[in-house]
Amino acid sequence: MIDYYSMFMLAEEAAGETSLFSADQMGGYAVTILCTIVNVLVAFIVIKLFVFKPILKVIKNREEQIASQVDAAERSKEEAASNAEVSKQAIDDARAEAAQILEDARASADEQAAIIKQKAKDEASEMISRAENEVVRMKRVAIEEMKDEISDLSVEVAGRVIGDVVEHDKLKTLADKHVQDLIKEEVDEVEQ
């Protein structure tokens with residue numbers, strides 16, 4: 001029969017010889033290390049194939065989106081600056097054009113005012129000239145009327161004073177001549 005006692009002793013003896021750094025323990029550690037290394041490599045390959053590639057692809061896509069958005073933002077900024085410059089130029093041009101229009105309007109108004117003033121002066125001069133001519137005409141008419149009256153009066157006075165000695169026609173001619181000479185002298189004095 002089997003001796004149970006001896007087996008127990010052998011087992012006990014075998015259990016007593018085992019230490020943490022014994023050869024069979026080191027063999028177990030080596031297998032564990034080898035399995036761990038294999039597990040880590042398999043996990044690395046699986047993660048690399050199934051996790052890293054999609055994550056890297058997502059990251060790369062995101063980087064491209066960000067870069068395109070940054071480029072679009074820079075283009076928008078440049079367009080905005082360009083549009084602002086164009087708008088500023090358009091505003092400056094509009095202001096210059098408005099100033100030119102105002103200046104032209106002022107010049108036109110000044111020109112119209114000068115034309116109106118000149119026209120008024122011309123009309124006033126013409127009216128004065130017509131009035132002076134009318135005064136001269138009226139003066140001549142008055143002188144002519146006076147001349148006729150003076151001539152008639154002088155002939156009548158001379159006829160009464162002298163009587164029938166001198167003819168009435170000759171007396172009238174002499175009176176007319178004398179009155180004309182007097183009137184001419186008076187008119188010349190007035191016109192000077």
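The values are calculated or read from the model by the stated rules, or taken from the named source; none is laboratory data. Note that this is a predicted model, so its numbers are computed, not measured. With ideal geometry, Cβ positions are generated from the backbone for all residues, glycine too; neighbour counts draw on all protein chains shown.
Among the conditions (1) at pLDDT below 70; (2) in a helix (DSSP H, G or I), Val166 misses just one, which is (2).
Just a yes or no: is a residue in the stretch 15-33 surrounded by 10 or more Cβ atoms within 10 Å (Cβ to Cβ) and at pLDDT 85 or above? Within the stretch 15-33 (the criterion being surrounded by 10 or more Cβ atoms within 10 Å (Cβ to Cβ) and at pLDDT 85 or above), the answer is yes, since at least one residue qualifies. Working carefully through the options Ala120, Ala124, Ala81, find the one that is under 33 Å from the mean Cα position of the chain (by Cα) and not polar (S, T, N, Q). Selected residue: Ala81, the only one of Ala120, Ala124, Ala81 that is under 33 Å from the mean Cα position of the chain (by Cα) and not polar (S, T, N, Q).
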